[in-house]
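Have a look at the structure below, then the notes.
Coordinate-derived values only; no laboratory data. This one's a predicted model, so the numbers in the text were calculated from it and none came from an experiment. Positions of Cβ are generated from backbone atoms using ideal geometry, with glycine treated the same way; all protein chains shown enter the neighbour counts.
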There are 2 protein chains.
Amino acid sequence: MEVPSHRYGVTVSTVRVDLVAVVVSVDGQTPRVLAAGAPRRLPAGPLRAEQTSLQASLREFVLEQTGHRLGFVEQLYTFADLGRGGHAAREVSISYLGLAHADTGPGWTRLYDLLPWEDRRPGPRADAGRVEIVRAIRAWARPDRSARASFLWGLDGHPWRPELALQRYELLWEAGLVAESSDATEATGEGMVQDHRRIVATALSRLRATLQYRPVVFELMPDAFTRGRLQVVVEALAGSTVHTPNFRRLVGQHGLVEPTGGVDHGTGGRPARLYRFHRALFTERDLVGTKLPVPRAR
Amino acid sequence: MEVPSHRYGVTVSTVRVDLVAVVVSVDGQTPRVLAAGAPRRLPAGPLRAEQTSLQASLREFVLEQTGHRLGFVEQLYTFADLGRGGHAAREVSISYLGLAHADTGPGWTRLYDLLPWEDRRPGPRADAGRVEIVRAIRAWARPDRSARASFLWGLDGHPWRPELALQRYELLWEAGLVAESSDATEATGEGMVQDHRRIVATALSRLRATLQYRPVVFELMPDAFTRGRLQVVVEALAGSTVHTPNFRRLVGQHGLVEPTGGVDHGTGGRPARLYRFHRALFTERDLVGTKLPVPRAR
DNA sequence: CCAGATTTGCTCAGGATGAGAAAAAGGAAG
DNA sequence: CTTCCTTTTTCTCATCCTGAGCAAATCTGG
């Protein structure tokens, strides 16, 4: 069984390749994604011939298009299925997740306007939309797909898992509840160009999963911050809340942060101590091996 | 801040795109990778214009080149940095991990011939090679990179983490210990064409990480198997051993398997009960959410 | 001064995990 | 047939991690 040349094949596969960026930041307690236009579109650009690495290419065009210097960058997934955008031609998009410091302005779309069901933090809109979605899913899933549906939506005793955002989006897609052609509703969210909403869902899934075993949140934080502020950012990304004493316990016992000595009096209650990320320790470790809690409660 | 058209850019980025497959199987207690030639080369093929999905394209050319029908397939990473193969031209490779049932023959290379230091199971060759590698790394890392080195190699009180295979390969690369041009040594392994060994390391990392939270091993198992056999396969992929009673406890309590009623008398000791994967339960769940133990002992 | 809000620390139960001991059940060698 | 060896299988125990609740400490704002 000899493996032939890898130039094997009948079709010469020369296609156009784009880079697509999902740039995330947290503004107050709302996560935002860089996407402008109507319908919204993720920033994208071509591979640059002169750039040796993909990441450099990505950073450059995000900087040019938006003026933003990306901190953390991670490759997500390469989308290349036929008919992605409606055209017959194949279009290859290499997608990246990037984290940037807080910023607002046009082009910064609220993440949960795109995927409203992913925000489970207590609030006025949360419950109404949830009921509506769950009803629609139950109707569609019955009876064949109900096990999968209740697993993904944390029904019937299953826990809600934040990191399954992509799988939930895909189920909604199959159920016809997030067709990009339809109008935006309160519960099913705002549509985007082509398959960009799927790419955002991919990014959210990956970000939430990464949060559980790598301290990437610090890419979104200023140099000094309170533990309460850190908790708010984590909860914003996870889309659910955590038990405050347990959160600080975990943050503390991993030695992730060290006090700066300063305090913040603007928190409304007892003043909070300021901390900084213990970077010296963790750049060496390639940022692997220490985790922050993401809720996985019922 | 308006985001311009995503057709923005000075260079038209039309490049050739290949699919590369890392097909893994376990033969006895040695993991194998589909790669033939000298130096060895992973099976690769072009995107097929007529295939709608990448996975379908991949399955087809792996079937054509090797006669193998892939079970599990997962996208790994897209390599596209300039000068990957030594040429100036950019070459984009979308890499996939595939799992196949046990098979031998030419073309099936032993995985740990390529990455010998990743096999930590007790054995004659293991200790000798380990000492040699650790000595070389320590010499190179001192003193700046010693924290990173000891973290990755489980030295100075750090645990050995099987899933960091890629990071270990990259450190060895930086240290000049796995230059593909040099001759294969007992400790640093056999070289491959272009950056294929990096792709194999990527696959191993991903496979080991996946093993910890998704029951993908079953893609490598026959329909009926003993728990001892399952443990051997997991240990082969993880490259280290686990405590037998704990392994069976975990497998049992997750409800992953169910007894077929049969027994296997060929194990050399007390006959072992045969089990099958409880597939009905887990296809529904999208194969998420149940895990098999991978050792992370000191 | 009081009410409210937030930070901070402590405790406790339950589950998961690492490690060891040992019984059960067969095959192989003598 | 008996003895030894090997593998499977079941328990037990200590420890750590995690979820959850209670309460004290400390400030701001009215």
Taking Cα pairs closer than 8 Å and at least 6 residues apart, the relative contact order of chain B in percent is 18
In debye to the nearest 20, how big a dipole does the protein assembly as shown give about its Cα centre with +1 on each Lys and Arg Cβ and -1 on each Asp and Glu Cβ? 1800
Span-like helices, chain B: DSSP H, alpha-carbon axial extent 20 Å or more, mean Kyte-Doolittle -0.5 or greater, which ones? B:124-141, B:196-211
Which residue, A:Arg84, A:Arg270, A:Arg229, tops the fluctuation ranking in a GNM of chain A built on C-alpha contacts under 10 Å? A:Arg270
Could you tell me the relative contact order of the range B:16-110? Use alpha-carbon pairs under 8 Å, at least six residues apart, and round to a whole percent. 41
How far, in nm to one decimal, is A:Arg145 from itself in the other copies if the label point is set 7 angstrom along Cα toward Cβ? Shortest first, please. 4.9
Counting all Cα-Cα pairs in the range A:189-228, those more than 10 Å apart amount in percent to 76
Pick from B:Ala38, B:Ala49, B:Ala238 the residue whose mean-square fluctuation is largest in a GNM of chain B, springs joining Cα atoms under 10 Å. B:Ala49
Dipole-positive endmost among B:Ser205, B:Gly154, B:Ser93 within the protein assembly as shown (Cβ charges, Cα centre): B:Gly154
Can you give the log10 of the normalised intensity I(q)/I(0) at q = 0.28 Å⁻¹, computed with Debye over equal Cα scatterers of the range B:116-188? -1.60
Shape call for the protein assembly as shown from the C-alpha gyration tensor, a ≥ b ≥ c root eigenvalues: rounded (a/c under 1.5), prolate (a/b greater than b/c) or oblate? rounded
Could you tell me which of rounded, prolate or oblate describes the range B:214-284, using a ≥ b ≥ c as the square roots of the eigenvalues of the alpha-carbon gyration tensor, with rounded for a/c under 1.5 and, failing that, prolate when a/b is larger than b/c and oblate otherwise? oblate
Classified through the alpha carbon gyration tensor (a ≥ b ≥ c as square roots of its eigenvalues; rounded if a/c is under 1.5, else prolate when a/b is larger than b/c, else oblate), chain A comes out oblate
From the residues A:Phe218, A:Pro271, B:Ala102, which one has its Cα farthest along the dipole of the protein assembly as shown in the positive direction, the dipole being from +1 and -1 charges on Cβ of Lys/Arg and Asp/Glu about the Cα centre? A:Pro271
So if we plug the beta-carbon distance of B:Leu250 and B:Leu155 into 1/(1 + (r/R0)^6) with R0 = 25 Å, what FRET efficiency do we get, rounded to 0.05? 0.35
